[in-house]
Amino acid sequence: MPELVFFRRGEEVLRVAVDRARVVLGRGDSSDVAIPDPEVSRQQVALLWDGQKCRVEDLSGKGTKVAGAVVERGDLPDGADIELGQWRAVFRQHGASETRTPPRRRATPPACRAGTRSAGSPRSCA
């Protein structure tokens, strides 16, 4: 199953299976994968998976940088990276993760995953 591998400041922080026909990345709560970065639009980019190949569609209106080029629409080849503010997501056609992840995912820095957040703290550690 294809996946996105998220990096922040060079460190891998999250793997997300591309397990639906459309997966939206963005800062907003309505995004399928929330990226806590003010440089990212509420709905930045959609990944469109047809079972064979993946395409990207910019939702921000200003373009999304994919494999170093700003695009509005296009194919997403294996190994291509998507720049999302301080975050980078690398598309893997054949992902290593075989477990199914929940539909709503939040890109969370390692400090947050390590349990340093208290129950009353905000949802984002960014």
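Laboratory data are not the source of any read-out in this text; all were calculated from the coordinates shown. Because the structure is a prediction, the values reported are computed rather than measured.
Close amide H partners of residue 84, meaning residues 5 or more places away or on another chain with modelled amide H under 5 Å apart, are 89.
On full extension, the segment bounded by residue 55 and residue 30 gains 7.0 nm, given 0.36 nm per residue less the C-alpha separation. Residue by residue, the range 71-77 carries 3J(HN,Hα) couplings of 10, 9, 8, x, 6, 10, x Hz when phi is fed to the Karplus relation 6.51 cos²θ - 1.76 cosθ + 1.60 (θ = phi - 60°); x denotes Gly or Pro.
Relative to one another, the C-alpha centroids of the range 1-21 and the range 33-68 are positioned 13 Å apart. Extension gain for the segment residue 62 to residue 94, taken as residue separation times 0.36 nm less the Cα-Cα distance, is 8.6 nm to one decimal. Residue by residue, the range 37-51 carries 3J(HN,Hα) couplings of 8, x, 7, 8, 5, 4, 10, 7, 8, 10, 9, 10, 10, 9, x Hz when phi is fed to the Karplus relation 6.51 cos²θ - 1.76 cosθ + 1.60 (θ = phi - 60°); x denotes Gly or Pro.
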